[in-house]
Amino acid sequence: MEFFRNPSIDFLGKKWYFLAFSLVFSVAGIFSMLFWHGIPYGVDFRGGTLVYVKFSHTPDDNALRASMDRAGLHDAKIQRYGQVSNNEVLIDLDVQETNEQALDRGKTQIINTLETNAPAGKLDLNNSSSLAIKNYLMDKDPMHLGSDADQKYTQQAQAIVDTRDKVQGGVLSSFDQLKGPVDPAAAASLPEGFFLSDFGVRNVDIVGPQVGAQLRKQALLATVYSLAGMLIYLGFRFEWIYGVAAVVTVFHDTLITVGFFSLTKTDISLTVIAAILTLIGYSNNDTIVVFDRIRENIKLMRREKLSEIVNRSINQTLSRTILTAGLTFLTVLALFLFGGEVLHGFSLALVIGILIGTYSSIAIAAPILVAYQDWRLDKGKRSGGAARSGQVVTR
């Protein structure tokens with residue numbers, strides 16, 4: 001299938017427009033990372049505490065932020081998590097200790113912040129542990145068990161927690177929801193000592209600052225190693241200038257992608273790094289297709305200028321580029337639109353990277369080859385030698 005039959009677009013004639021486009025976005029990203037927003041590391045890289053909260057209703061993000069500010073948690077980040085209908089929120093706290101007390105403190109901070117109208121003397125059943133529920137039942141002994149109370153009330157407390165977390169999704173909206181799984185006498189005694197808030201803290205995760213620093217180092221090394229590997233492979237497979245062009249192109253793609261995340265203040269997590277490494281391979285593959293066609297055409301068109309050979313090679317691979325990039329872009333766009341909050345950063349990096357990677361294979365990599373060859377010709381003229389236009393590829 002071909003979108004174009006014998007296209008003859010002068011891509012190299014528009015190289016200055018391409019350069020201006022790349023320069024604007026690259027400089028904007030660099031300025032954002034250096035002076036404006038910095039690199040927006042996610043909790044994976046900077047360390048912190050993640051608190052997953054389930055609501056019984058659609059949460060108001062602005063109200064949550066206001067509550068966090070009133071409680072002194074000014075740096076807390078709030079984002080929707082999972083499907084919208086699940087009413088789940090992920091709260092990112094700047095608490096970086098890695099001990100058990102930090103887990104409890106993060107959970108307690110959120111509970112104290114959100115429980116604004118808690119009845120005095122009562123516990124929140126949606127945020128109580130099975131041990132707290134068991135101790136309450138043991139103290140009240142509504143089933144009059146006597147010596148068997150410990151085992152029986154342990155089972156009842158676990159049944160309450162299982163009903164809350166596994167059946168009702170983490171939040172009870174009514175004590176009547178406990179009828180059936182829980183003994184009627186035990187269930188009837190709960191309203192005296194418990195109340196039901198409209199949220200439940202489902203989980204607390206911590207990434208320590210040392211682990212975050214190590215992950216940052218590993219992510220940087222993974223990116224550098226991938227670029228070095230491409231340079232070596234292309235230098236061996238074609239010629240070193242091809243490797244340099246490919247590495248510069250991929251660095252350009254990575255810079256614009258990370259710059260976009262900085263400009264939009266979108267957190268860069270481990271999944272985003274995985275997407276960037278994927279894009280390095282994708283962009284490199286697209287560039288190699290163009291390079292391979294250039295090498296073939298140089299053998300067939302020895303008397304032509306390299307700029308004409310490069311233009312023709314890009315036009316010959318244009319339909320293939322549109323088909324491959326277009327289908328891939330539609331896939332990652334669907335992932336971005338319907339993949340949910342967990343995959344938002346990953347899919348966003350792929351959407352940006354595929355667009356920029358496809359563009360750079362044509363607008364950045366090819367002009368680098370021609371610029372290098374022009375420099376060689378000019379150097380040869382100045383030194384009184386002769387340089388052939390086809391010498392850039394000799395293998």
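Any idea which of 182, 204 is within 17 Å of residue 44 (Cα to Cα) and either assigned by TED's automatic domain parsing to the domain that holds residue 245 or of a type outside the set (Asp, Glu) (or both)? Walk me through it before giving the result.
Values: 182 fails: within 17 Å of residue 44 (Cα to Cα).
Just one listed residue meets the conditions, 204.
Kindly indicate the residue of the range 141-150 that is in a helix (DSSP H, G or I) and out of contact with any Asp or Glu (no Cβ under 8 Å at 6 or more places or on another chain) and also farthest from residue 173 (Cα to Cα) among those meeting that condition.
Our first condition is that a residue be in a helix (DSSP H, G or I); within the range 141-150, this holds for 146-150.
Going one step further and asking which of them are out of contact with any Asp or Glu (no Cβ under 8 Å at 6 or more places or on another chain), we end up with 146-148, 150.
Details: 146: 31, 147: 33, 148: 31, 150: 28 Å.
Filtering first and then ranking leaves 147.
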Q) Mind checking which residues of the range 20-59 are free of Cβ contacts under 8 Å to residues at least 40 places away in the same chain and not in a loop (DSSP other than H, G, I, E, B)? A) 20, 23, 24, 27, 31, 34, 35
Q. When both residues are 6+ apart or on different chains and their Cβ atoms are under 7 Å apart, which pairs have a first residue that lies in the range 229-247 and is more than 16 Å from residue 286 (Cα to Cα) and of a type outside the set (D, E, K, R), and a second that is at pLDDT below 80 and buried (at least 18 other Cβ atoms within 10 Å of the Cβ)?
A. 241/392
**Q.** Selection count, the range 154-180, where residues are surrounded by fewer than 18 Cβ atoms within 10 Å (Cβ to Cβ), of a type in the set (Ser, Thr, Tyr) and part of a helix (DSSP H, G or I)
**A.** 1
Q.
Can you find, within the range 98-140, the residue that is farthest from the chain's Cα centre (by Cα) among those that are hydrophobic (A, V, I, L, M, F, W, C), modelled with pLDDT of 90 or more and part of a helix (DSSP H, G or I)?
A. 138
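Name the single residue, out of those in the range 83-97 being part of a loop (DSSP other than H, G, I, E, B) and at pLDDT 75 or above, that is surrounded by the fewest Cβ atoms within 10 Å (Cβ to Cβ).
Applying the first criterion (part of a loop (DSSP other than H, G, I, E, B)) to the range 83-97 yields 83, 87, 94-97.
Remaining after also requiring at pLDDT 75 or above: 83, 87.
Numbers: 83: 10, 87: 21.
Per the stated criteria, the residue is 83.
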Q | Sole residue being of a type in the set (A, V, I, L, M) and more than 30 Å from residue 44 (Cβ to Cβ), chosen from 196, 220 | A | 196
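In this structure, does residue 369 turn out to be over 21 Å from residue 270 (Cα atoms) and crowded, with 23+ Cβ neighbours inside 10 Å?
yes
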Q. So which residues in the range 177-212 are of a type in the set (D, E, K, R) and in contact with a strand residue (DSSP E or B) (Cβ under 9 Å, 6 or more places away or on another chain), if there are any at all?
A. 198, 202, 205
Q. When the range 275-320 is examined, which residues are found to be surrounded by fewer than 18 Cβ atoms within 10 Å (Cβ to Cβ), in contact with an Asp or Glu (Cβ under 8 Å, 6 or more places away or on another chain) and over 17 Å from residue 369 (Cα atoms)?
A. 319
Q) What number goes with the only condition from (1) surrounded by fewer than 16 Cβ atoms within 10 Å (Cβ to Cβ); (2) in a loop (DSSP other than H, G, I, E, B) that residue 66 does not pass? A) (2)
Q | Subset of the range 1-40 that is within 28 Å of the chain's Cα centre (by Cα) and among the aromatic types (Phe, Trp, Tyr) - its residue that is surrounded by the fewest Cβ atoms within 10 Å (Cβ to Cβ) | A | 35
Q | Count of residues meeting criterion [surrounded by 15 or more Cβ atoms within 10 Å (Cβ to Cβ), more than 24 Å from residue 157 (Cα to Cα) and not small (Gly, Ala, Ser)] in the range 183-233 | A | 10
Q: Taking only the range 332-349 into account, find how many residues are buried (at least 22 other Cβ atoms within 10 Å of the Cβ) and free of Cβ contacts under 8 Å to residues at least 60 places away in the same chain.
A: 1
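The values are calculated or read from the model by the stated rules, or taken from the named source; none is laboratory data. Owing to the predicted nature of the structure, the values given are computational and were not obtained by experimental measurement. Glycine gets a Cβ as well: all are built from the backbone with ideal geometry, and neighbour counts include every protein chain shown.
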